[in-house]
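Okay, so here's the structure we're looking at.
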Amino acid sequence: MADMKTDLVVIGGGIMGLWAALHAARAGVKVVLAERAAIGAGASGGLLGALMPHTPDRWNDKKQFQFDALVSLEGEIRGMEAATGLYAGYRRTGRLIPLAKPHLREIALRQVADAAVNWRSGAGGFAWRVLDAAPEGLFSPDVVAHGAVSDQLAARVSPRGLLHLLRSTLEGMPGVTILEGCAVRTIDPRQGRVVLADGISVEAGHVVLAAGVDSFPMIDGLAALAGAAARPPSGASVKGQAARLAVDLDPALPILYSDGVYVIAHDAGGVAIGSTSEVDYADPFSTDRRLDDLLAKAETLVPSLAGAPVLERWAGLRPRAIGRDPMAGPHPDYPRLHLLTGGFKISFGIAHRLAQAVVEGIFEHTLDGVQAIVLPPSFRTESHLAL
Ligand SMILES: Cc1cc2nc3c(=O)[nH]c(=O)nc-3n(C[C@H](O)[C@H](O)[C@H](O)COP(=O)(O)OP(=O)(O)OC[C@H]3O[C@@H](n4cnc5c(N)ncnc54)[C@H](O)[C@@H]3O)c2cc1C
């Protein structure tokens, strides 16, 4: 006998799990979201919030999926803000990418035409311009020796602000239960049942596994249950460190991006600097010299950051699925178990669309049962788990 009954259990209260719960609630089904610690305890509780498009050249279905997601996110956020009175710190700031070398300028110039074709939306679109000179005094002169790209599609959001907005929205919807401090200990993927750490069992028609990096060992453990031959690990974690500085930059400033370094002015004050990318690390959640090196690199790029007090240092683990793309959809061996992880470095811009595809696939709640959101084949679970 189950202690609780619901239509859907979502495991994990990060950006993926919250969007999944929201789409389920919109479809009118009962949903329990079980989070081991607290909402935002994982990678989603960070401080960077870049919503960065792929480059507009070499277009493919993955780039189109991300583009559609980035374009639609603002409407999603504004709708929830209007309903709750909260603010998620979203702004389509665009992005400036310095061009230090002539060949980079050549490449960027070719991409202008690609953006005109591929970054169209409705009657308009988003430009990818090549500037002869970056705004005065922003970058070190040598990094903008050949101008800068100005991309008008990129945006930023406060990660914690968006989590808070999603949570508040969910709390106002019928049929939603959020359980914090409730780790899922076991999943029975055949029955769609989970058992929580305190022994309470929750019976549901379906389970969405959105536990970030912790999803992978759970997925790997289930392969044995299905009698499947041993597979390689379904994913890995990549550590990232970031910081927030007290420095007076205009919050309307574009994201400044060069060679893996992001400088993002946020509305709530403070400038976020990200991020390291570490496959080998001793402690997932501590910050160290690699963050100091990143901050030094950021100062070289943007001299006005020099000497700014550090408000916060933060580290987390990004989920990277084996196929490197996001992993979403029903598990090939267990149709009641749905995977929603592997967003790696771009989760915040696409989670709403990934989660919508997963929930639509479960409940077929769209008109005529036709899915509005179709996942690129390489995102689907079977393409990852076949590797
Ligand atoms: C330094 C850094 C900078 C980043 N910058 C950006 C950026 O600018 N833009 C961007 O889009 N992305 C960025 N990312 C990546 C992004 O943060 C992640 O891809 C995203 O947060 C992953 O979300 P998630 O919901 O899949 O996982 P998580 O946020 O990790 O959520 C998983 C949740 O599941 C819970 N959980 C785990 N096991 C269980 C269990 N057994 N039972 C119940 N709950 C469980 C965890 O406590 C956690 O809260 C960055 C990441 C890092 C580390």
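Do we find a residue being within 24 Å of Ser215 (Cα to Cα), in contact with an Asp or Glu (Cβ under 6 Å, 6 or more places away or on another chain) and touching a residue at least 60 places away in the same chain (Cβ under 8 Å) anywhere in the stretch 47-57?
No: the stretch 47-57 contains no residue that is within 24 Å of Ser215 (Cα to Cα), in contact with an Asp or Glu (Cβ under 6 Å, 6 or more places away or on another chain) and touching a residue at least 60 places away in the same chain (Cβ under 8 Å).
Step by step: first the residues of the stretch 1-39, then only those that are of a type in the set (Val, Ile, Thr) and more than 6 Å from the ligand (Cβ to nearest atom), then the one that is surrounded by the most Cβ atoms within 10 Å (Cβ to Cβ). Which residue is that?
It comes out as Val10.
Checking Leu222 against (1) touching a residue at least 24 places away in the same chain (Cβ under 8 Å); (2) crowded, with 16+ Cβ neighbours inside 10 Å; (3) not in a helix (DSSP H, G or I), which test does it fail?
Tallying (1) touching a residue at least 24 places away in the same chain (Cβ under 8 Å); (2) crowded, with 16+ Cβ neighbours inside 10 Å; (3) not in a helix (DSSP H, G or I), Leu222 fails exactly one: (3).
Determine whether the stretch 74-85 contains at least one residue that is within 16 Å of the ligand (Cβ to nearest atom) and touching a Phe, Trp or Tyr at 6+ places or on another chain (Cβ under 7 Å).
So in the stretch 74-85, the residues within 16 Å of the ligand (Cβ to nearest atom) come out as 74, 76-77.
Cutting the leftovers down to touching a Phe, Trp or Tyr at 6+ places or on another chain (Cβ under 7 Å) gives us 74, 77.
So far as the stretch 74-85 goes, yes, one or more of its residues are within 16 Å of the ligand (Cβ to nearest atom) and touching a Phe, Trp or Tyr at 6+ places or on another chain (Cβ under 7 Å).
Between a first residue in the stretch 151-163 that is in contact (Cβ under 8 Å) with a residue 40 or more places away in the chain and a second residue that is more than 10 Å from the ligand (Cβ to nearest atom) and among the charged types (D, E, K, R), which pairs have beta carbons less than 6 Å apart while being 6 or more apart in sequence or on different chains?
As it stands, the answer is Asp151/Arg95; Ala154/Arg95; Ala155/Arg92, since those pairs meet every condition given.
Of all the residues that make up the stretch 74-113, how many are buried (at least 16 other Cβ atoms within 10 Å of the Cβ), charged (D, E, K, R) and farther than 17 Å from Leu22 by Cβ?
The number of residues fulfilling the criteria is 4.
Search the stretch 352-363 for residues being within 16 Å of the ligand (Cβ to nearest atom) and in contact (Cβ under 8 Å) with a residue 40 or more places away in the chain, and hand back the single one that is farthest from the chain's Cα centre (by Cα).
Among them, the one singled out is Val359.
Using the structure shown, decide if Gly42 is surrounded by 23 or more Cβ atoms within 10 Å (Cβ to Cβ), farther than 16 Å from Ile350 by Cβ, small (Gly, Ala, Ser) and within 7 Å of the ligand (Cβ to nearest atom).
When the stated conditions are applied, Gly42 passes them.
Listed here are the residues, each with its yes/no results for (1) modelled with pLDDT under 95; (2) of a type in the set (A, V, I, L, M, F, W, C); (3) closer than 27 Å to Pro53 by Cβ.
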{"site": "Gly240", "(1), (2), (3)": "no, no, yes"}
{"site": "Arg244", "(1), (2), (3)": "no, no, yes"}
{"site": "Ile255", "(1), (2), (3)": "no, yes, yes"}
{"site": "Ser275", "(1), (2), (3)": "no, no, yes"}
{"site": "Val279", "(1), (2), (3)": "no, yes, yes"}
{"site": "Pro284", "(1), (2), (3)": "no, no, no"}
{"site": "Arg290", "(1), (2), (3)": "no, no, yes"}
{"site": "Arg313", "(1), (2), (3)": "no, no, no"}
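In the stretch 326-351, what residues are within 7 Å of the ligand (Cβ to nearest atom), crowded, with 24+ Cβ neighbours inside 10 Å and among the β-branched types (Val, Ile, Thr)?
Answer for the stretch 326-351, where residues must be within 7 Å of the ligand (Cβ to nearest atom), crowded, with 24+ Cβ neighbours inside 10 Å and among the β-branched types (Val, Ile, Thr): just Thr341.
So is Leu86 in the same structural domain as Gly147 (by TED's automatic domain parsing) and outside any helix (DSSP H, G or I) or not?
Against the criterion (in the same structural domain as Gly147 (by TED's automatic domain parsing) and outside any helix (DSSP H, G or I)), Leu86 does not qualify.
Could you grab me the full set of residues in the stretch 372-383 that are closer than 19 Å to Pro332 by Cα, part of a loop (DSSP other than H, G, I, E, B) and either within 16 Å of the ligand (Cβ to nearest atom) or at pLDDT below 95 (or both)? Spell out how you get there, then give the answer.
Residues of the stretch 372-383 closer than 19 Å to Pro332 by Cα: 374-383.
With part of a loop (DSSP other than H, G, I, E, B) added as a condition, the list becomes 374-376.
Within the stretch 372-383, Val374, Leu375 qualify.
The values are calculated or read from the model by the stated rules, or taken from the named source; none is laboratory data. None of these values were measured; they are calculated from a predicted model. Every residue, glycine among them, receives a Cβ derived from its backbone with ideal geometry; neighbour counts consider all protein chains shown.
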